[in-house]
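One structure is given below, encoded as structure tokens.
Values quoted throughout were computed directly from the atomic coordinates according to the rules given, and no laboratory measurement underlies them. Quick caveat: nothing in here was measured; it's all calculated off a predicted structure. Cβ placement follows ideal geometry from the backbone for every residue including glycine, while neighbour counts extend to all protein chains displayed.
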Amino acid sequence: MALTSATPLSAELNVPIAARVVSFLQPPPSGTMAAAILFEPGNAASEAEASAIERAIGNGLAAGRGAIRVRRVPIGTMGALSGYHVAFVTAGLRSQQGDIAAIAAKSSVLTISSDAACVQSARCVVGISTVPKTQITVSRAAARAANIRFGSAFLMLVKEI
């Protein structure tokens with residue numbers, strides 16, 4: 001199975017690849033998984049990516065034996081992220097990534113972003129870039145902080161930092 005073949009449904013986050021990433025969580029997810037789309041109202045890039053993620057997921061997107069259902073969460077009201085399994089960190093949130101990382105770690109939430117800097121700084125667990133080819137990067141430090149584990153087969157297919 002190649003994780004580099006899906007075409008992104010948005011200019012930023014490759015949502016089908018993000019769903020595949022979720023399917024490799026250990027223990028494997030099942031049932032409905034709540035996902036937050038963290039965005040900043042008034043930030044055009046953040047709102048555009050949030051809309052694209054919503055459109056791509058629609059009423060739910062399969063992720064292994066589970067399904068992802070999303071809800072927009074304004075960054076100012078994200079609270080503890082309790083009840084969420086996944087948080088999509090949209091573009092334009094660099095100044096808030098430290099707070100997002102701390103809250104996600106406390107609640108064991110998998111953070112996924114198209115912003116490579118978020119993963120490189122260990123503030124997001126997974127980064128998905130699509131230029132020039134699809135690349136999945138996993139931050140060991142962010143994963144450890146949030147108590148997120150992936151299957152070994154998945155880790156052989158991605159870049160760990």
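With a requirement of 3 or more residues that are surrounded by 13 or more Cβ atoms within 10 Å (Cβ to Cβ), without any contact (Cβ under 8 Å) to a residue 60 or more places away in the chain and not acidic (Asp, Glu), the helices (runs of 4 or more DSSP H) lying completely within the stretch 90-161 that satisfy it span 97-107, 116-120, 140-145. Taking first residues from the stretch 13-31 that are among the aromatic types (Phe, Trp, Tyr) and partners that are not in a loop (DSSP other than H, G, I, E, B), the Cβ contacts under 7 Å between residues at least 6 apart in sequence or on separate chains come to 24/150; 24/154. Tell me which residues, restricted to the stretch 45-68, are in a helix (DSSP H, G or I), surrounded by fewer than 16 Cβ atoms within 10 Å (Cβ to Cβ), touching a residue at least 12 places away in the same chain (Cβ under 8 Å) and of a type in the set (Gly, Ala, Ser). Selection gives 45 alone. Looking at the structure I just gave you, is residue 35 part of a strand (DSSP E or B), under 11 Å from the mean Cα position of the chain (by Cα) and surrounded by 14 or more Cβ atoms within 10 Å (Cβ to Cβ)? Answer is yes for this residue. Counting only residues that are aliphatic (A, V, I, L, M) and in contact with a helix residue (DSSP H, G or I) (Cβ under 6 Å, 6 or more places away or on another chain), the stretch 24-52 holds 2 of them. Residues in the stretch 80-89 that are in a strand (DSSP E or B) and either of a type in the set (Gly, Ala, Ser) or touching a Lys or Arg at 6+ places or on another chain (Cβ under 9 Å) (or both): 87, 89.
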